[in-house]
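This report refers to the structure that appears directly beneath it.
The values are calculated or read from the model by the stated rules, or taken from the named source; none is laboratory data. Note that the structure is predicted; figures quoted are calculated from it, not measured. Here the Cβ positions follow ideal geometry from the backbone for every residue, glycine too, while neighbour counts run over all protein chains shown. Heads up: the accessible areas ignore ligands, DNA and RNA and are worked out on the full protein's heavy atoms, side chains in. Shrake-Rupley method; radii C 1.70, N 1.55, O 1.52, S 1.80 Å.
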Amino acid sequence: KAEHGHAVLFDGHSIKSQLPWLFDGTLPDLNLGTAEGSACATSLRDALAALLREQPMFGQPRYSVAVDGRFKGGHITRHYGRPHDGVHAAQSRQRKPAAVLSSRAFSRASRPSAPRRCKRCCDRCCRR
């Protein structure tokens, strides 16, 4: 934050596609949570959502994306997200069938490392 004037925390992990004890049906492929916009600038939330919607799903139709839907962001998002202080936080939950598909589509050696993928995502969002 000291060097750039802002910081972005992106908390990503997978989740089961169906959680019948919480709700009926199947989750969207990608679930972006920003505590209903209170943990992240609206412009960044919209850029992240657009970027997620643009991603091809490894030979399948594009991912389905929910923004601040069933999963609005957990403790990390709510605790660290302070957009008024230049600290933005967002959470992405990728439902497991989509996560498994993406991990099987590429060998570890052929896909970019997580830090490089994250940097490319942030670079694209900042250019919008």
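With the structure loaded, tell me whether Ala90 is outside any helix (DSSP H, G or I) and at pLDDT 90 or above or whether it fails that test.
Taking the combined requirement at face value, the residue satisfies it.
The residues in region 11-51 that are touching a Ser or Thr at 6+ places or on another chain (Cβ under 7 Å) and open to solvent by 20 Å² or more (accessible area, probe 1.4 Å) can be counted, and the count is 7. Does Glu54 count as at pLDDT below 85, over 19 Å from Lys1 (Cα atoms) and among the acidic types (Asp, Glu)? Criteria met by Glu54.
When region 9-28 is filtered for residues that are in contact with a strand residue (DSSP E or B) (Cβ under 8 Å, 6 or more places away or on another chain) and of a type in the set (Asp, Glu), only Asp11 remains. Restricting the first member to region 18-33 and to residues that are without any contact (Cβ under 8 Å) to a residue 40 or more places away in the chain, and the second to residues that are loosely packed, with under 15 Cβ neighbours inside 10 Å and not β-branched (Val, Ile, Thr), no beta-carbon pair is closer than 7 Å while six or more apart or on different chains.
Within region 70-82, restricting attention to residues that are surrounded by fewer than 17 Cβ atoms within 10 Å (Cβ to Cβ) and modelled with pLDDT under 90, the residue that is farthest from Leu9 (Cα to Cα) is Arg70. When region 13-49 is filtered for residues that are in a loop (DSSP other than H, G, I, E, B), under 20 Å from Arg78 (Cβ atoms) and charged (D, E, K, R), only Glu36 remains.
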